[in-house]
1. Taking into account only those residues within the stretch 23-40 that are part of a loop (DSSP other than H, G, I, E, B) and within 23 Å of residue 65 (Cα to Cα), which is least open to solvent (accessible area, probe 1.4 Å)?
2. Considering 78, 18, 63, which residue is part of a strand (DSSP E or B), at pLDDT 95 or above and open to solvent by 20 Å² or more (accessible area, probe 1.4 Å)?
3. Every residue in the stretch 112-131 that is at pLDDT 90 or above, loosely packed, with under 13 Cβ neighbours inside 10 Å and either basic (Lys, Arg) or in a loop (DSSP other than H, G, I, E, B) (or both), please.
4. From the set of residues in the stretch 97-111 that are open to solvent by 30 Å² or more (accessible area, probe 1.4 Å) and part of a strand (DSSP E or B), which is nearest to residue 83 (Cα to Cα)?
5. Scanning for something among the aliphatic types (A, V, I, L, M), surrounded by fewer than 15 Cβ atoms within 10 Å (Cβ to Cβ) and in a helix (DSSP H, G or I), does the stretch 41-60 turn up at least one residue?
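The values are calculated or read from the model by the stated rules, or taken from the named source; none is laboratory data. All values derive from a computational prediction rather than experimental measurement. FYI the Cβ positions are ideal-geometry reconstructions off the backbone, even for glycines, and counts take in every protein chain you see. Surface areas here come from the heavy atoms of the whole protein model, side chains and all, with no ligands, DNA or RNA. Shrake-Rupley method; radii C 1.70, N 1.55, O 1.52, S 1.80 Å.
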Amino acid sequence: MTRGFLHLTVTVKDDERALLSRDGVFEHVLGAGRHSLFDPLGRLSVEIVKVVRAEIAWDRYMALASANVDEAGKNFVAVQTRAGEVAIVSFDGQPAHLMGAWQSRAFWSAVTRVEVERVDAKASLRVEKRH
């Protein structure tokens, strides 16, 4: 990331995304590539994060989603379980996380295919063979 006289230039790698904020308020996610942003007053800031098979802290996800719900919906999968429910979270078809009841987690879906299978633990006390 370099800051010029009127521009902020950011290079984002294939396995990364950049969280763009203006005056500390999240605006959107920058994809892979080189971005030259007009910023004469120095109000923009960028946070580059790794996104392959990655989780984002729930509190951070909630802050981003409250600032821009559309961008959050495009880039994250949020999972919240209820009483008597478990969820199996898979990355690119491979089970990666088992969530118990009353848990909240969010995962980057920008590069990784994130799938969630919910299981009613009240209905069946046994884990099925397919799980």
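1. 31
2. 78 is the lone residue from the list that is part of a strand (DSSP E or B), at pLDDT 95 or above and open to solvent by 20 Å² or more (accessible area, probe 1.4 Å).
3. Within the stretch 112-131, 113 is the sole residue that qualifies.
4. 104
5. No, every residue in the stretch 41-60 fails to be among the aliphatic types (A, V, I, L, M), surrounded by fewer than 15 Cβ atoms within 10 Å (Cβ to Cβ) and in a helix (DSSP H, G or I).
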